[in-house]
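**Student:** Take a look at this one; I'll ask things after.
What follows is calculated from the coordinates using simple rules that are stated; it is not laboratory data. All figures in this text were calculated on a predicted structure; none of them were measured in a lab. FYI the Cβ positions are ideal-geometry reconstructions off the backbone, even for glycines, and counts take in every protein chain you see.
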Amino acid sequence: MTAEAGGDGGGRAVLGELRLILARITGDDELLGLAAEMPLFGDGVGLDSLTGTLLLREVQRQFGVDVAAEDLNLDSLATLGTLAAFIAAPR
Amino acid sequence: MIKCVIWDIDNTLLDGIYLESGQQRPGVDPELAGVLGELAGRGIVHALASKNPPEAADYVARTTRLDFAAAECGWGRKSDAVRRIIGDLGIAPDAVAFVDDDLFERAEVAAAIPEVMVLAPEDAAEAASWPEFSPPVVTDEARRRGAMYAQRRRRQEEARAFAGSRDEFLRHAGTWVRVGPAGPADLPRLHELSVRTHQFNSGAEPVSEAVLGELLASPRHQVIAVRLSDRFGDDGIVGAAVAETGEAAETGEAAETGEAAGTGESASWSVPVLMMSCRALGRGVIDALLAWLCQRAARAGAAELRVPCLVTERNVPLRIALTGAGFRAGAGARDSDEAAGAGGAPQAVFTRRLSGKLPVLPDWAAGRAPEPPGSAEAEPGSADAEPGSSVTGEPA
């Protein structure tokens, strides 16, 4: 299942939180300005298993959403926007 | 199996109390000094938890000439110190023993973390002969484990003080990941990895040395080892994989992994064994291994690479690495009960098409060979390294 990239207010607030988390995890402050459509893996943010695990742990702590359990394929980790939409989606 | 012993200092490791001894510091209890060395030789790491200033830990390390993987000095609860050490080392609580002369401290730790084995100093010597303290296989990596944790501490301290990003630090540290064929001398370590790894292990069952030996001899399989070092030290073999390169052949040898023989799809490589030590987390090892597998499989003409993987809470880091390398779990794989592992955990087959852009080794991971301190002696198994065993090298 793929999270839809939503642009509602809740999603936007989540986006800001996610940027803060990413910048803290990677030590790269430029991620504070990360575009929502930027891929989290590969040439985008360059997320790896460590930063990815830390990110999901923080997401679970701050938003109470267990992404790894709900999204087997981790498709929600495609971009910042898909992750924010996944977190903000009603459940 | 106990992987780490956390020691109190005053009246436990030391014959006296550090702060009350004035100029003449107390010596290390001779019997426990022997136990420390014996256990370290079996790959069990030591840590300190003491109500003392940090200098006490330095003093004990100097006096015993041992590497302590972690040291928690302070005046808080001992159970909190034990918890921090467990978290820091990434060790399960039931793999930890705690030794303290103080009955109250032992009771406090036992009540707070019941999984931890709690011992009085007078029992520690005898406990060394218990099966929990006697791993069946002691590899070179195991013997150096204490030193590696000490290196890791120095690496982490320097990383914290480093001004750049994590990638810049890994480059700065001279991180060097080497992927290549495993040799017979590597099999005990590969077996050990299959027993000890969980966060980065695609399966559930340990793979025996005998099975690994058969896979090594099998023309349809490649057994791959990953070595890691940087200028802080040499971690030896930290990861491994078995690739089934076969042409949809019946592969009885691989039956233990639960991987069924192919269904006529000849252009696919399968990876029945994939594992990495969590000690290597965040240093590019799993990414390098997946990149290597993709590149090798593509060169051999395979159209896709398949990684059967249990779906558990513990191996989320591995699933993130697979996703990051472009793998996707097969639809409906969750429902196939016959593919479930021993623990009943659902299994998915993560598949990656090998067309288009393949994952590559992070540029910092292929750094120049660092000069780890005291690396004059040859690394065991290095004779098996071939030209081109590095990800960036020429195909073998």
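**Student:** Starting from the Cα of B:Glu115, step 7 Å toward the Cβ, then list every residue of the range B:199-221 with an amide N under 13 Å from that point.
**Tutor:** Zone members listed by number: B:199.
**Student:** Convert each backbone phi in the range B:160-166 into a coupling constant with the Karplus relation 6.51 cos²θ - 1.76 cosθ + 1.60 (shift: θ = phi - 60°), then list the ³J(HN,Hα) values in order as whole Hz, x for Gly and Pro.
**Tutor:** 5, 7, 6, 7, x, 6, 5
**Student:** Using the Karplus curve 6.51 cos²θ - 1.76 cosθ + 1.60 with θ = phi - 60°, work out ³J(HN,Hα) for each residue of the range B:110-115 in order, rounded to whole Hz, and write x for Gly and Pro.
**Tutor:** Ordered by residue, 3J(HN,Hα) equals 4, 6, 6, 10, x, 5 Hz.
**Student:** Ignore the peptide's own chain and count Cβ atoms of other chains within 10 Å of each Cβ in B:321-329; give me the average, rounded. Mind dumping the intermediate values first?
**Tutor:** On the way: counts 7, 3, 13, 12, 4, 2, 2, 4, 4.
Going residue by residue through B:321-329 and averaging, the value is 6.
**Student:** Can you compute the modelled spin-label distance between B:Asp102 and A:Glu17, with each label point 7 Å from Cα toward Cβ, in nm?
**Tutor:** Distance between label points: 4.0 nm.
**Student:** Using Cα pairs under 8 angstrom and six or more residues apart, how large is the relative contact order of chain A, in percent? Intermediate results must be reported in sequence, preceding the final value.
**Tutor:** Working: 104 pairs, mean separation 39.7, N = 91.
It comes to 44 percent, rounded to a whole number.
**Student:** For the range B:94-103, in order, what is each residue's ³J(HN,Hα) by Karplus, 6.51 cos²θ - 1.76 cosθ + 1.60 with θ = phi - 60°, in whole Hz (x at glycine and Pro)?
**Tutor:** Here the 3J(HN,Hα) series is 6, 9, 10, 10, 10, 10, 8, 7, 8, 4 Hz.
**Student:** Report the FRET efficiency, 1/(1 + (r/R0)^6), for B:Glu31 and B:Ala185, where r is their Cβ-Cβ distance and R0 is 35 Å, rounded to 0.05. Could the numbers behind the result be given before it?
**Tutor:** Working: r = 35 Å, r/R0 = 1.01.
For R0 = 35 Å, the calculated efficiency reads 0.50.
**Student:** Another question, then. Label the range B:46-202 by shape, choosing from rounded, prolate and oblate, from the square roots a ≥ b ≥ c of the eigenvalues of the Cα gyration tensor; if a/c is under 1.5 it is rounded, and otherwise prolate applies when a/b is larger than b/c, oblate when it is not.
**Tutor:** Because a/c hits 1.5 or more and a/b fails to exceed b/c, the range B:46-202 counts as oblate.
**Student:** While we're on this one: Could you list, bin by bin from short to long, the percent of Cα-Cα pairs of the range A:9-88 in 10 Å steps?
**Tutor:** 20, 62, 18
**Student:** Right, next: Give me B:Trp7, B:Trp75, B:Trp130 sorted ascending by neighbouring Cβ count inside 10 Å, so fewest comes first.
**Tutor:** Working: B:Trp7 26, B:Trp75 8, B:Trp130 12.
Ascending number of Cβ neighbours within 10 Å: B:Trp75, B:Trp130, B:Trp7.
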